[in-house]
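The structure under discussion appears below in the form of structure tokens.
The values are calculated or read from the model by the stated rules, or taken from the named source; none is laboratory data. Note that the coordinates shown come from a computational prediction; the quantities given were computed from them, not determined experimentally. Cβ: placed from backbone, ideal geometry, glycine included. Neighbour counts: every protein chain shown. Calculation scope for accessible area: heavy atoms of the full protein, side chains included, ligands and nucleic acids excluded. Shrake-Rupley method; radii C 1.70, N 1.55, O 1.52, S 1.80 Å.
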Amino acid sequence: MYDGSKIIAGLIVFVGLFTFPFLYNMGKASAKPEPKIDTPVIQQLAEKKCVEPKSFMRAEHMKLLNEWRDSAIRKAKRVYVGAEGKEYTISLQNTCMKCHSNKKKFCDECHNYMAVKPYCWDCHLEPKEKKL
Amino acid sequence: MRALFSFIVVIALVAIVFVGVKGANLEFLFGVIIPYAALATFIIGFIYRVVKWGRSPVPFHIPTTCGQQKTLPWIKDSKIENPSTTAGVIARMALEVLVFRSLFRNLKTDLREGPRLAYGSDKWLWLAGLAFHWSFLIIAFRHLRFFMQDVPVVVQWVEGLDSFLQIGAPLLYITDVIIITAVTYLFLRRVYIPQVRYISLAADYFPLFLILGIAISGVLMRYFIKVHVVGVKELAMGLVSFNPTIPEGIGVIFYIHLFLICVLFAYFPFSKLMHMGGVFLSPTRNLANNSRMVRHVNPWNYPVKVHTYEEYEEEFREKMKMAGLPVEKE
């Protein structure tokens, strides 16, 4: 008794499972996210800079937001001093989203690509954007 | 000693990437070449091992299972424990693969005063094993979001369930906590129980440390030493569409994580981890106990030259009659 056909069927399933991402992406074009910073508020800035350097923001903005939240809600400290000594009011809606008022073309651009859906907007208000 | 050796090997692996990426800028080697090579080794090696197992003949069905075999109609048979049908075998295999049924029967033995030998139930190994394997599966499945442009809703549901405690940002995954706890338990168990320590080899500790290393580097990367996650997905998408790119500034911890995974993949076919494929090939799990209903021919039987009684009688009938022996045909 060998049951060769069953073993081969099993192996085909195995190869299919482990090469699934390759098979799935065959002939599909992938587009990188391009977050846009062309909002009115940012346009008026002398220096087009975020609260922290870009490479830091890119990787750590969720951690920063978490710290902001804790700092504002738990410690009642609503001022954040950026890396360059500039002061910012700690607020998701009134600081981040004032500059990044184009949520759909900025935050969502990356988040959709990564399939993350921050639940912040269950409570916090999204900036009003013109219908595209 | 064997544990220490495995630990040092894993640390050395981490050091290799660290130096390679930080010191020698070998991002392309660690981000593209090694992942492809590791995956190829894994798939080819896995098939080779399974085919090799598949080529060894199973001479007979192995009915050494607990549970009543199917027999006379008024005796209740145990349909899953001792299956006589393919459906029963599938049910038994599914229970084995999905909930580790045979591990659930794990016992511990104690020599008590008397001297008296006592047996007791011991479910910790089963529980930790189950917690570990399921977390691993869920984590692997969640990673599909790095390999697909439009992430299917199932992946997003699993991710949502896994992070539903909504602790911190980025959200804490429950499986991250479970896998590290479970692997740590499985390691401590090996060191703590003298009998288990005695039979544990470097090949037992190494996969544990390797998986622990993968989990820890992943956790560090997600919650502590942050990386450029969008860049990570670009790299992953490049790999799966055979269009490799190395985005700038991802962070060395990502390459450590990736390299440890590659080592796991490449090591897999050569190790005890092959039980992933092997469980489906275990004769005591995958064969129906129907030896009273179906004749199983041993594949290595050579054709035996037989001399039937009819032929025998044909040959010796006269002599048998003379000796007064009964014959079937006059």
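With a 1.4 Å probe and all protein chains in place, put A:CYS99, A:CYS123 in order of accessible area, largest first.
On the way: A:CYS99 40, A:CYS123 115 Å².
From most exposed to least exposed: A:CYS123, A:CYS99.
Of B:CYS66, A:CYS107, which has the most accessible area with a 1.4 Å probe, and how do the rest follow in descending order? Intermediate values should be presented prior to the final figure.
Working: B:CYS66 70, A:CYS107 25 Å².
Reading off the accessible areas and sorting them downward yields B:CYS66, A:CYS107.
R0 = 51 Å: FRET efficiency of B:LYS123 with A:LYS48, Cβ-based, nearest 0.05? Don't skip to the end; give the middle numbers.
Numbers: r = 60 Å, r/R0 = 1.18.
According to the calculation, E is roughly 0.25.
Between A:SER30 and B:THR308, with labels modelled 7 Å along Cα→Cβ, what's the label distance in nm to one decimal, could you check?
Computed distance between label sites A:SER30 and B:THR308 equals 6.8 nm.
To the nearest 10 square angstrom, what accessible area does B:SER282 show with a 1.4 Å probe?
30 Å²
Angle, helix B:252-267 long axis vs. longest principal axis of chain B, Cα atoms, 0 to 90°, nearest 10?
Once rounded, the angle reads 10 degrees.
Holding the Cα-Cα limit at 19 Å, pick out from A:LYS6/B:LYS52; A:LYS54/A:LYS86; A:LYS77/B:LYS226; B:LYS22/B:LYS226; A:LYS36/A:LYS103 the pairs that are longer than that. Don't skip to the end; give the middle numbers.
Details: A:LYS6/B:LYS52 14 Å; A:LYS54/A:LYS86 15 Å; A:LYS77/B:LYS226 25 Å; B:LYS22/B:LYS226 16 Å; A:LYS36/A:LYS103 9 Å.
Where the Cα-Cα span goes over 19 Å, the pairs concerned are A:LYS77/B:LYS226.
Got a number for the accessible area of B:HIS133? Probe 1.4 Å, square angstrom, nearest 10.
The value for B:HIS133 is about 80 Å².
How much FRET efficiency would the formula 1/(1 + (r/R0)^6) give for B:GLN149 and A:SER91, where r is the Cβ-Cβ distance and R0 is 51 Å, rounded to 0.05?
Details: r = 34 Å, r/R0 = 0.66.
Computed FRET efficiency for B:GLN149 and A:SER91: 0.90.
What distance in nm separates the simple spin-label points at A:LEU125 and B:SER291, each placed 7 Å from Cα in the Cβ direction?
With each label placed 7 Å out from Cα toward Cβ, I get 7.8 nm.
What FRET efficiency would be calculated for the residue pair B:VAL19, A:LYS63, taking the C-beta separation as r and a Förster radius of 25 Å, to the nearest 0.05? Numbers along the way, then the final one.
Numbers: r = 28 Å, r/R0 = 1.11.
FRET efficiency, B:VAL19 to A:LYS63: 0.35.
Taking the simple approach of a point 7 Å from Cα along Cα-to-Cβ for both B:THR184 and A:ILE12, what is their distance in nm?
4.5 nm
Ignoring everything but the protein chains, give the 1.4 Å probe accessible area of B:ARG101 in square angstrom, nearest 10.
My reading of the accessible area for B:ARG101 is about 80 Å².
Put +1 on the Cβ of each Lys and Arg and -1 on the Cβ of each Asp and Glu in the range B:206-319; which of B:HIS307, B:VAL297, B:TYR267 then has its Cα farthest toward the positive end of the dipole?
Result: B:TYR267.
How well do other chains shield peptide A:109-116, expressed as the mean number of their Cβ atoms within 10 Å of each residue Cβ?
Working: counts 1, 3, 1, 2, 9, 7, 14, 8.
The mean count of partner-chain Cβ atoms within 10 Å per residue comes to 6.
Using only the heavy atoms of the protein chains and a 1.4 Å probe, how would B:THR184, B:THR85, B:THR65 rank by accessible area, largest first?
On the way: B:THR184 50, B:THR85 70, B:THR65 25 Å².
Heavy-atom accessible area, descending, gives B:THR85, B:THR184, B:THR65.
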